[in-house]
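Report on one structure; see the data block that follows.
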Amino acid sequence: MTVTVTQKTWIIIGSAIVVALIYYLQPILTPFLASFILAYLGNPLVDRLERWKLPRTLAVVMVLLVMVLLLGLVLLLLIPMVVREFTALFARLPQAWTWTQMHVLPWLALHLHVDLRTFAPTQFADMMKRNFASAGKLASTLGSVSRSGTVVFIFFMNLLLIPVVTFYLLRDWHRLMARIEALLPRVAAPTVTQLARDCDGVLAGFLRGQLLVMACLGITYTLGLSIIGLDSAVAIGVIAGLLSFVPYLGFFTGVGLALLSALLQGQGWLLPVEVLVVFGIGEALESFVFTPNIIGERIGLHPVLVIFAILAGGELFGFAGVLLALPVAAAGTVLVRHAHGRYLQSRLYQDTGNDAS
């Protein structure tokens, strides 16, 4: 059965409406997207509990509790660690200030002709006026934002909305999937269903691979920072590894914390340089070894295509593009394989050009 021109027109119109709705409703879609991701991750476990003769509603409640407990456990491990490390950093501030007065300020005065040893608040204000003409405008904008209680209210409402929506999605997951499948044109339903199953398998492999990459990065950063003798090496390595699930967030957070710790140790310029080397090695390993060979292998992408997908996603859609590049590429590989198979079976490919005219 072929698709007529009229059917193609309606498909294009429907797709355009969906894209427009997503674009205009994106401010309120965040909690629903987060809930869908959580429901997608939790559904296999709910199904397993259901096979063990547990009622689905009870299984959903148990899985949600496990998710909350795991998140709480991570926070209980991270927050005391972060507080302890920052307390240690602040305790070294007097020593660091003494080192700065002895080494940094004289260097600035000698090479840049900036004498901060006699720096007064009025001089700071004058410098701000000279170099940041828009500082007043920025401060006014930030002030108006900070006075808006609506932003805070919406944030907490979204936070409370996520577990509620996740519960209902998990409870009715199979019913929702069945209704979506029932809406598909009957001629296309088997193909679309098979593609959805293939995408599901690829995305599951991607998530498992991402967890392995996070573990590898955490170990790499921790070992590297420990070797160069940085205080708080374990804490910073763990934090950087966990946050690496969001591309570049773990790297920049780890570099910032490690540089601050290195400067406050007061051992000169060598330690901060070594910190940059450690994170440079970690970033290189992630880009050229861990991500291509662990995630790329699991989602069926060549390492070069993995790197290209991340760069292309960032160029086209910014930070969101970088974050979603690999999951989208993973699903895209399934569609490309399907299109390739259809092409090999098409008359366009199989026509040898010897048919009689």
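Read the figures in this text as sums done on the coordinates, not as results from a lab. This is a predicted model, so every value here is computed, not measured. Every residue, glycine among them, receives a Cβ derived from its backbone with ideal geometry; neighbour counts consider all protein chains shown.
For the residue pair F36 and L348, what label-to-label distance in nm results when each label sits 7 Å from Cα along the Cα-to-beta-carbon direction?
My value for the distance between the label points is 3.0 nm.
Between Y168 and L184, what is 0.36 nm times their sequence separation minus the Cα-Cα distance? Round to one decimal in nm. Write out the running numbers ahead of the final one.
Numbers: separation 16, 0.36 × 16 = 5.76 nm, distance 2.31 nm.
Contour length minus the Cα-Cα distance gives 3.5 nm.
What is the fewest-to-most order of W52, W10, W173 by other Cβ atoms lying within 10 Å of their Cβ? Don't skip to the end; give the middle numbers.
Details: W52 8, W10 12, W173 18.
The fewest-first ordering by Cβ neighbours comes to W52, W10, W173.
Sorting S287, S15, S232 on the 10 Å Cβ count, fewest up front, what's the list?
Working: S287 16, S15 10, S232 23.
By the 10 Å Cβ count, ascending: S15, S287, S232.
Could you give the length gained on full extension between D200 and L270, defined as 0.36 nm per residue of separation minus the Cα-Cα distance, in nm? Show your work: numbers first, answer last.
Numbers: separation 70, 0.36 × 70 = 25.20 nm, distance 4.79 nm.
Between D200 and L270, full extension yields an extra 20.4 nm.
Between M81 and F156, what length in nm is gained on full extension when 0.36 nm per residue of separation is reduced by their alpha carbon distance? Intermediate results must be reported in sequence, preceding the final value.
Working: separation 75, 0.36 × 75 = 27.00 nm, distance 2.53 nm.
Separation in residues times 0.36 nm, less the Cα-Cα distance, equals 24.5 nm.
Which distance in nm do the two modelled labels at L65 and L45 give, with both placed 7 Å along the Cα-to-Cβ direction?
It works out to 1.2 nm between the two label points.
For a quick check: sort F288, F251, F156 by the number of other beta carbons within 10 angstrom, fewest at the front.
Working: F288 13, F251 20, F156 9.
Arranged by neighbour count, lowest to highest, F288, F251, F156 become F156, F288, F251.
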